[in-house]
Each structure stands twice: as C-alpha cells, then as structure tokens.
Amino acid sequence: MPKDFVSRSADHATADASKSTASGRVSYWLTNLVLVATLIAAGGTVVRALRSSVPDTTPLKSERVADWMAVRDSGHFIGDPRSAVVITEFTDYECPSCAQYSSVLSNLVARHPGRVALSVRHFPLTTIHHRAMAAAVASECAAATGRFEAFHETAFIRQAELINEPWASFAAEAGITDMKAFSNCLSSPAARERVSRDMRVGRRLGIRGTPALMVNGELFSLGIAPDQLIEHVERLLSTGPVL
C-alpha cells in the first residue's frame, strides 16, 4: 500500500476523531446547560411555591386617628354603618391597586353582613391619574341619586374605559334613571367640593397613595396586603373591636 495513502487515511482518522471529540464536548456542554436551566427553573418554581404557601408575618404598622369616627362617618357607606368593624377607604378610581382591592373589600362586607361595612372617601391622585377627579365627581353625582354603590362597583369593573369619560354609560349601568339631573351634577361645584374635602382630610392624615385603609381608627399608612387585611378584620370580629 502506498505510503501517501496510509498517511492520508491516518489524517482522516485523526480529523474524524477530533470532530467526534469536539462534537461530544458540545453535546456534553449543551446537555449540562439544559440541565442547569431546568434546575434553575424548577428551583424558581419551588421558591415561588414556598413563598406563596408561607403567610406574610410582617408586623402591621398603623397609626391611631383621633377623630376617626368623624372621618368614617363622612364617607359613603357600603353595608350597615352600625357594623362592629368599618373599613374606611381613601380611593382613586383610576388606581389599578384600588380596582384589585375593590373585590376584596366587597367580599368582606358580603361575607359579614351587619358586622363589616365599608366607608368610601375620595383621594384621586390627580398628578398621575388624569381622569380620577372626574370619576370621583361622577360618583358623587351618582350618590345624589342614591346609586353610589352601584356606580362605585361599575367604575372599577370598567376601569379601562375611564380614558373616554363614559359617565353616562356608567350611570345607566348603575341604574340611574334621571340622567338629566346626573348630567347637570357633573359640572356642579358642590360635587367637586365634596371630593376636594375628602382630599384635604386625606392629606391631613398623611396619606400619599391609594388605596389607603383605616380599620376602626387604625390607619395603615404604609399599606396592608389583602390577606393581612382579611386576617386583621377576622381577628377584630372574633375578639371584639377596640373603639
């Protein structure tokens, strides 16, 4: 056999071996990368699952409001005003967190009829939510017709439509029949003043964001998670509220 043929065969064998080795290394690293990625993803899922299963034990920070009954009684009530526990909410109809909290608060009132009530006050963040003031005024006009609660719920359910200022549509859905009176009220200084009064009270209490919640005089100025709120209310109902 010619020497050059043997040499060429050896070179090919070496090249094939090198390719095989390189291919094996690539396959090895790819396999390990996939394994690491899978473990990271699984670990993240486990961590998230553990976090969600562990209750929030962060101590609640609250401030006692001296004139809390006056603050409470000046709001629009959803539920029995004589309830043992009253949650006073300073809200903004354009605030996403307020919309999420709306169902939590409604469920608490519905779950404990005659024992838990909601008092709604306005705190539109006008520098960032440009339809919030108008929505609050519209809710005051709904209140003048006795349909505040229905309008309040509609405004949060249809929050994405606020940019169009669909107050007449909201009013119709809320069951307001005297649309002329409602429409005239929208430009009423009295309705706007009612909202402005709530905002002044909120600022006096040091409120900076929404939703701001006060439970029987305890103002949670730094916020309170929904599960913490529910636990706090349930505890008040079981032990007796401090008045």
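The values are calculated or read from the model by the stated rules, or taken from the named source; none is laboratory data. Given the structure is predicted, the values throughout are model-derived calculations rather than measurements. Counting neighbours? That spans all protein chains shown, and the Cβs are built from the backbone with ideal geometry, glycine included.
The residues listed here are SER102, SER169; of these, the one that is surrounded by fewer than 16 Cβ atoms within 10 Å (Cβ to Cβ) and among the polar types (S, T, N, Q) is SER169.
Scan region 209-239 for residues that are exposed (fewer than 15 other Cβ atoms within 10 Å of the Cβ) and free of Cβ contacts under 8 Å to residues at least 12 places away in the same chain and the total you get is 3.
Would a scan of region 119-138 turn up a residue that is touching a residue at least 40 places away in the same chain (Cβ under 8 Å), under 14 Å from ILE78 (Cα atoms) and of a type in the set (A, V, I, L, M)? Within region 119-138, one or more residues are touching a residue at least 40 places away in the same chain (Cβ under 8 Å), under 14 Å from ILE78 (Cα atoms) and of a type in the set (A, V, I, L, M). Only one entry in GLU140, GLU165, GLU149 is in the same structural domain as HIS76 (by TED's automatic domain parsing) and farther than 17 Å from ARG194 by Cα, namely GLU165. Among all positions in region 111-123, there is no residue which is more than 20 Å from TRP68 (Cα to Cα), modelled with pLDDT of 95 or more and buried (at least 19 other Cβ atoms within 10 Å of the Cβ).
Condition check ((1) of a type outside the set (A, V, I, L, M, F, W, C); (2) closer than 30 Å to ALA66 by Cβ; (3) part of a helix (DSSP H, G or I)) across all residues:
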site	(1), (2), (3)
PHE151	no, no, yes
ALA181	no, no, yes
SER187	yes, no, no
GLU193	yes, yes, yes
ASP198	yes, yes, yes
VAL201	no, yes, yes
ILE207	no, yes, no
VAL233	no, yes, yes
